[in-house]
1. Once label points are set 7 Å from the Cα along Cα→Cβ at both residue 203 and residue 132, what is their separation, rounded to one decimal in nm?
2. Under a 5 Å amide H to amide H cut-off, with H placed in plane at 1.01 Å, what residues pair with residue 144 once short-range neighbours are removed?
3. Residues with beta-carbon under 10 Å from that of residue 63, excluding residue 63: net charge, scoring Lys, Arg +1 and Asp, Glu -1?
4. Around residue 113, which amide H atoms from residues at least 5 apart in sequence, or from another chain, sit under 5 Å from its own amide H, with H modelled in the peptide plane?
5. Could you tell me which label, among [x] 29, 17, 13; [y] 30, 21, 16; [z] 35, 20, 18, carries the value of semi-axes √(5λ) of the Cα gyration tensor in Å calculated for this structure?
6. Given a 1.4 angstrom probe, what's the average accessible area per residue across the chain, in square angstrom?
7. So how much slack lies between residue 100 and residue 88, counting 0.36 nm per residue of separation and subtracting their Cα-Cα distance, in nm?
8. At a 1.4 Å probe radius, carbon and sulfur cover how many percent of the accessible area of the chain?
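The values are calculated or read from the model by the stated rules, or taken from the named source; none is laboratory data. Treat the numbers as computed from the prediction; the structure is a model and nothing was measured. Cβ sites come from the backbone with ideal geometry, for glycine too, and all protein chains shown count toward neighbours. Just so you know, the surface numbers come from the protein's heavy atoms only, side chains and all, with ligands and any DNA or RNA stripped out. Shrake-Rupley method; radii C 1.70, N 1.55, O 1.52, S 1.80 Å.
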Amino acid sequence: PEQLCWRRAKILAVGGHDAFRQEFPATAEEAFVSAEKNNLIDALTVLRARKRKVQGGGPLILGVDPAGSGGDRFAVAFRRGYRVEKVIYRDKIYTPEAIAWIRGLIDEFEPARVFMDQGGLGAPIISMLKAIGPRYRDTIIGINFGATSQAKKAYPKNAGPKRRRDEMWARMKAWLKQEDGVQIPDDDALQADMTAPWIKNDLNNDLVLSTKEEMKAKSIRSPDL
């Protein structure tokens, strides 16, 4: 009875069951439960993917989120089918170094495709890599994260992800929840990034996620990984 009384008092003090589970986790799963109820991807879904073992198959795909010499990370994810093999990153990297690094990864691992954010620093990196030769021109595909989503272009009047960035996050959530099961690296920093963005209220019921600037305002690091 004393323990139950203490638990009830703490739930009231911290503002609800979700906050209590975050502040006083009873299991490893609860240790990663966020008190934010409106996050797009829940912590337990990510944790299950971290602990699952899946045989990767199919072509190697690289996803690249460029960043400059500021505080963000220049990240590269390696995926084969249902398995993300690894996510690597560099800090405070300049454009010439970034070009050399991505070119070296293409030469070493021979990915089938490299998808890169073409906003900001990404545009000159993509342009210069494609200029090197046909191998890089055919492999690298630039994606405008801020552009209108494919869903909204196809059905403008239907509710759906508003931007490509929102759409890609929604597809990642669906990928994580596949019945066949997927695997991601067992990494706390990756989990923190994947569970960081929250869903914002939208008058048209479109899916709109918090921006990097809004997350940084709450002392949440940019989800580069």
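1. Once both label points are built, they end up 4.7 nm from each other.
2. Amide H neighbours of residue 144: 118.
3. Neighbourhood net charge equals 0.
4. Counting only residues 5 or more places away or on other chains, the set is 62.
5. [z]
6. On the way: 12730 Å² over 225 residues.
For the chain, the solvent-accessible area averages 57 Å² per residue.
7. Numbers: separation 12, 0.36 × 12 = 4.32 nm, distance 1.53 nm.
Result: 2.8 nm gained on full extension.
8. Numbers: 6550 of 12730 Å².
Reported share for carbon and sulfur atoms: 51 percent.
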